[in-house]
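One structure is given here, and the rest of the page talks about it.
Here, each number is a calculation from the coordinates, and none is a lab measurement. Just so it is clear, the structure is predicted and the values come from calculations on it, not from any experiment. All Cβ positions, glycine included, derive from the backbone under ideal geometry; neighbour counts span all protein chains shown.
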Amino acid sequence: MVKAAGKVAAAGVGMHLLARKLTGDDVAAFGAGLLYAFHTWNLNELVRIQILANSWFPLVLLCLLRFFERPSKGRAGLVAALY
């Protein structure tokens, strides 16, 4: 159960960061993080191994956005590591 809680928390934080980057609004980012973390697809499908990886998707997208803003080897490496 602890692993599932960590996955839900990571999903929510990642989506919050991505939504804040895209919108600039903390309230909208909080709502997006909450919705993504506790969406029924996340919670009901935790028994499937591929679902455990979906908490990384918002972070990959966030790092990709930052890479395209200012490309560097470090940012490319971070995208690759998260992917």
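So, counting K/R as plus one and D/E as minus one, what does the shell of residues with Cβ under 14 Å around Ala29 add up to? Local net charge: 0. The simple spin-label model puts a point 7 Å past each Cα toward its Cβ; for Ala5 and Arg66 those points are separated by 2.8 nm. Compared with the alpha-carbon gap, the fully stretched path from Thr23 to Ala76 is longer by 16.8 nm at 0.36 nm per residue.
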